[in-house]
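Peer 1: Right, I'll just put the structure down here and ask away after.
The values are calculated or read from the model by the stated rules, or taken from the named source; none is laboratory data. Remember, predicted model here, so these are calculated numbers, not experimental data. Cβ atoms come from the backbone with ideal geometry, glycine included; neighbour counts cover every protein chain shown. For the accessible areas, the whole protein counts, side chains as well, though only heavy atoms, and no ligand, DNA or RNA atoms are used. Shrake-Rupley method; radii C 1.70, N 1.55, O 1.52, S 1.80 Å.
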Amino acid sequence: MKCGNCGADLEEGTLFCPVCGKEVQWVPEYNTLETLIKQRELEEREKKRREMEARKEREKEERKAELERKKKKHKRQVIAGVAGGIIVLGIAAFGFIYQTQINSFDHQMSQAETAYREGDYDSALQYIARARELEPDNPEAEILEARIYVRDNNESAAQSILLSVIQENPDNTTAYGELLRLYEQQGEYTAIRDLMNQASDNMREIYQNYVCSLPEISQEGGSYSEEVTIEISNIPSGTTVYYTLDGSDPDQDSERYEEPVELTEEGTFTFKYIAYNEKSVPSDTGEEEYVISFDAPERPKIAPVSGMYEYQENIIVTAPEGCTVYYAFDETPTVDSTEYTGPVAMPQGEHTFSAIAVDSRGKKSPVASEVYVYYGY
């Protein structure tokens with residue numbers, strides 16, 4: 001039996017159609033023309049319904065597929081947009097960083113330091129040039145440039161740069177330190193002295209190991225009639241003093257000062273002296289001129305005085321302390337004359353007795369004379 005509504009085959013005793021859910025009208029099953037026509041119509045409607053459902057299902061699947069395609073396309077567009085944005089941002093960020101770094105003094109100096117440590121002096125100098133463009137008044141770049149020239153054995157260029165930095169920045173301790181080390185490596189100790197002579201007190205205190213001061217002397221130059229003793233005092237520990245007496249410039253090959261210098265002869269003496277510290281840095285050269293001219297001793301005293309004598313007298317000579325007396329009759333005495341050692345008998349006749357005193361330095365006194373007349377009556 002078939003369902004009168006949808007035409008589905010039904011089992012005997014079925015009350016509701018399992019397909020369309022309609023109540024089953026049990027009628028005798030016999031085929032009439034009307035029944036067949038109606039059954040054909042039902043089958044056609046069922047076929048169309050199924051075709052429509054199938055078409056709807058296909059359309060649904062097509063819409064779903066189209067939607068998926070659109071989603072994928074949108075996703076691709078979004079991803080492409082995001083990627084493009086990232087690229088643009090990356091390019092912008094790179095450009096910003098690049099511009100920031102190329103216009104950063106600190107970055108250029110950092111790159112220069114790195115290249116310097118790696119021995120790439122050409123690259124280091126290029127970074128330094130850019131750094132100097134950014135901050136022309138900052139001496140840091142010039143100091144690093146000088147260090148590079150030292151490493152590259154171009155010491156004259158390094159000296160020129162460091163001297164320029166010091167001239168413009170007299171309180172730059174780094175520039176002073178670099179130049180002092182360079183001078184020391186070259187053995188330019190006089191250059192060290194000249195550099196520190198123009199330095200401030202603060203800089204001289206910081207680099208006191210490179211400073212050598214001239215010690216004090218006890219006797220200034222001048223004219224003297226006595227012997228002169230030159231004593232040098234306040235010599236710092238580790239410092240050695242050298243001197244000359246002939247006016248030549250002293251150095252470490254000159255006479256070394258170890259005890260007071262005695263000037264015991266007449267003449268003009270140009271005393272020059274210099275000190276060297278433990279680093280062999282010299283001081284300025286000191287100079288004093290001493291003109292020594294000893295006073296002659298006083299003339300000796302002769303007794304008795306000139307005159308005529310009836311009796312023979314002894315001639316007595318008194319000389320200044322420390323002097324030797326020489327005498328002669330009727331001539332001028334010299335050191336080759338007879339040395340006076342005691343009273344001399346007055347000779348007969350008329351004679352002139354003369355004497356001189358000679359001190360320990362050989363200075364001669366004026367001649368002292370007395371005239372005696374004695375005939376021995």
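Peer 1: Using Cα centres only, tell me the gap between segment 124-163 and segment 174-204 in whole Å.
Peer 2: 18 Å
Peer 1: Right, something else. Picking from Glu188, Glu310, Glu255, which is most flexible by a Gaussian network model of the chain using Cα springs under 10 Å?
Peer 2: Ranking Glu188, Glu310, Glu255 by mean-square fluctuation puts Glu310 first.
Peer 1: Separate question: Which of the aspartates and glutamates could a cross-linker bridge to Lys75, judged by Cα under 18 Å and excluding same-chain residues fewer than eight apart?
Peer 2: Cross-link targets: Glu66.
Peer 1: May I ask you to give the percent of accessible area on the chain that is carbon plus sulfur, with a probe radius of 1.4 Å? Numbers along the way, then the final one.
Peer 2: Details: 11250 of 24460 Å².
Carbon plus sulfur share of accessible area: 46 percent.
Peer 1: Please work out the Kirkwood hydrodynamic radius for segment 323-372, using every pair of different C-alpha atoms, and report it in angstroms with one decimal place.
Peer 2: On the way: mean 1/r = 0.0897 Å⁻¹.
By the Kirkwood definition, the hydrodynamic radius is 11.2 Å.
Peer 1: Which whole number in µm²/s is D for the chain by Stokes-Einstein, with the Kirkwood Rh taken over Cα pairs at 20 °C and 1.002 mPa s? Provide the component values of the computation, followed by the final result.
Peer 2: Numbers: Rh = 34.4 Å.
Using the Kirkwood radius from Cα pairs, D works out to 62 µm²/s.
Peer 1: Sticking with this one: Measuring with a 1.4 Å probe in the full set of protein chains, what accessible area per residue, in whole Å², belongs to the chain?
Peer 2: Values: 24460 Å² over 377 residues.
Using a 1.4 Å probe on heavy atoms only, each residue of the chain averages 65 Å².
Peer 1: Could you tell me how many degrees, from 0 to 90 and to the nearest 10, lie between the Cα long axis of helix 155-168 and the main elongation axis, the longest principal axis, of the Cα atoms of the chain?
Peer 2: The two axes meet at around 90 degrees.
Peer 1: Going Cα to Cα from Lys72, which aspartates and glutamates come in below 17 Å? Please leave out same-chain ones fewer than 8 positions away.
Peer 2: Cα-Cα hits under 17 Å: Glu61, Glu62.
Peer 1: Further question on the same structure: Which Cys residues of the chain have no other Cys Cβ less than 4.7 Å away and so no disulfide-compatible partner by this rule?
Peer 2: Cys212, Cys323
Peer 1: Run the reach check for Lys38 against lysines, Cα to Cα strictly under 25 Å, same-chain hits fewer than 8 apart removed. What comes back?
Peer 2: By straight Cα distance, Lys38 reaches Lys2, Lys22, Lys47, Lys48.
Peer 1: Looking at the P(r) of segment 199-283, how many percent of alpha-carbon pairs lie beyond 18 Å? Intermediate values should be presented prior to the final figure.
Peer 2: Values: 1708 of 3570 pairs.
When every Cα pair of segment 199-283 is considered, 48 percent fall beyond 18 Å.
Peer 1: With θ set to phi - 60° and the Karplus curve 6.51 cos²θ - 1.76 cosθ + 1.60, what are the ³J(HN,Hα) couplings of segment 299-316 in order, to the nearest whole Hz, using x for Gly and Pro?
Peer 2: 5, x, 9, 10, 9, x, 7, 4, x, 9, 10, 7, 10, 5, 10, 8, 8, 10
Peer 1: So how exposed is Ser123, as accessible area in Å² (1.4 Å probe, rounded to 10)?
Peer 2: Surface open to solvent at Ser123 totals about 30 Å².
Peer 1: In addition: Ignoring everything but the protein chains, give the 1.4 Å probe accessible area of Glu59 in square angstrom, nearest 10.
Peer 2: 80 Å²
Peer 1: Among Leu67, Leu214, Leu263, which one shows the biggest mean-square fluctuation in a GNM of the chain, springs joining Cα atoms closer than 10 Å?
Peer 2: Result: Leu67 has the largest fluctuation of those listed.
Peer 1: Next up: Using a Gaussian network model on the chain with a 10 Å cutoff between Cα atoms, which of Glu258, Glu231, Glu66 fluctuates the most?
Peer 2: In the Gaussian network model the winner is Glu66.
Peer 1: Report the far tail of the P(r) of segment 259-377, meaning the percent of Cα-Cα pairs longer than 25 Å.
Peer 2: Numbers: 3224 of 7021 pairs.
Roughly 46 percent, once rounded to a whole number.
Peer 1: Now a separate question. Which value, in debye to the nearest 20, gives the size of the charge dipole of the chain about its Cα centre, when Lys and Arg are +1 and Asp and Glu are -1 at the Cβ?
Peer 2: Numbers: 38 positive and 71 negative charges, 1305 e Å.
My answer is approximately 6260 debye.
Peer 1: Next question, about the same structure. Tell me what the chain gives for mean residue ellipticity at 222 nm when only DSSP H runs of n ≥ 4 count, each as -39,500 (n - 2.57), the sum divided by the residue total, rounded to 500 deg cm²/dmol.
Peer 2: On the way: 8 runs with 152 residues, N = 377.
When only DSSP H runs of four or more count, the value is -14000 deg cm²/dmol.
Peer 1: Please report the accessible area of Asp249 (heavy atoms, 1.4 Å probe, ligands and nucleic acids excluded) in Å², nearest 10.
Peer 2: Number for this one is 110 Å².
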